[in-house]
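I have placed the structure first, in the form of structure tokens, so that the comments after it can refer back to it.
The values are calculated or read from the model by the stated rules, or taken from the named source; none is laboratory data. Just so you know, these numbers come straight off a predicted model, no measurement behind them. As a convention, Cβ positions derive from the backbone with ideal geometry for all residues, glycine included, and neighbour counts pool all protein chains shown. Note: areas computed on protein heavy atoms with side chains; ligands, DNA, RNA excluded. Shrake-Rupley method; radii C 1.70, N 1.55, O 1.52, S 1.80 Å.
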Amino acid sequence: LPRFAYRPCIETFAKEFATTPELDGLMLFNAEELGAIISDNAAARRATQRLGKICAAGVIPNYNSANLQDYRGLSGYLAMWEGAINDGADWISLVIWNDYNEDSALMPMRWPPGSERYQYSRDESFLHATAYASAWFKSRRRPAITQDRFFVTYRNRSKWLRRAWDGKKWVDVSLMKPGRFDQIHDDVQDMVYIDSFLAAPASLSVRLGRKTHKFNLPAGVGHAEVPMVPGVPR
């Protein structure tokens with residue numbers, strides 16, 4: 001689609017088949033804000049349903065470039081899966097990059113020699129969420145949870161931070177060349193996100209800074225969030 005286009009509607013996607021009848025379907029490579037991803041997947045699915053074509057809905061765990069998108073920990077990622085499941089998507093397209101570790105957040109490996117470890121901060125939490133969601137997609141039933149787990153997701157600095165250490169001196173990151181420091185903007189919130197997979201309801205207490213936040217989390221998948229302030233979440 002052309003750059004800077006408005007959100008594509010059902011007719012926009014259907015037009016692709018009118019101009020290129022050889023197409024078997026649509027695959028969405030989404031790296032946008034959460035609402036746009038869910039909307040585009042739904043519109044593409046409606047267009048393919050009418051024409052008897054395949055729809056591969058795009059879901060993305062993380063996008064960590066200059067155009068940083070905030071998917072609210074695991075909750076946004078699971079919301080993309082749930083939307084695709086409710087829409088009846090034929091396939092799921094996991095949106096990652098072809099070098100696998102760049103921005104994918106789906107890297108079940110340790111750091112090989114020579115890799116730029118400082119640019120990445122990943123664990124296997126998104127792999128667990130993917131296993132849960134893919135089982136749900138294949139069976140059309142939410143999987144049973146037999147082991148309690150929770151995951152905490154946050155950035156290591158505020159989106160408003162301008163002062164940073166470049167190894168020799170303090171610099172203004174807003175004036176540096178892109179790539180040396182993350183240029184955080186767009187749909188990003190300064191929050192700490194907690195995502196739970198529970199066999200039974202539970203209470204959650206989060207201590208951060210000088211405040212304690214308490215939540216009642218349901219059985220199944222639950223989500224909570226607290227404002228990000230200096231300190232270590234407990």
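Probe radius 1.4 Å, ligands and nucleic acids ignored: give me the carbon and sulfur share of the accessible area of the range 1-88 as a rounded percent.
Percent of accessible area from carbon and sulfur atoms in the range 1-88: 53.
Among the lysines, which fall within straight-line cross-link reach of Lys214, defined as a Cα-Cα distance under 30 Å, with same-chain neighbours fewer than 8 residues apart omitted?
Partners found: Lys159.
Compute, for the range 7-64, the length of the dipole vector about the Cα centre, with Cβ point charges of +1 (Lys, Arg) and -1 (Asp, Glu) only. Units Debye, rounded to 20.
Taking the Cα centre of the range 7-64 as origin, the dipole is about 220 debye.
Order the peptides 141-149, 68-76, 192-200 from the highest to the lowest mean number of other Cβ atoms within 10 Å of their residues.
Most protected by this proxy first, the peptides run 68-76, 192-200, 141-149.
Counting other Cβ atoms within 10 Å of each Cβ, which trypsin sites (Lys or Arg not before Pro) in the range 1-62 have at most 14 and sit in a DSSP loop?
Listed in order of number, the matching sites are Arg3.
Of the listed peptides 162-175, 219-232, what is their order by residue-averaged count of other C-beta atoms within 10 Å, with the highest listed first?
Ranking, from highest mean packing down: 219-232, 162-175.
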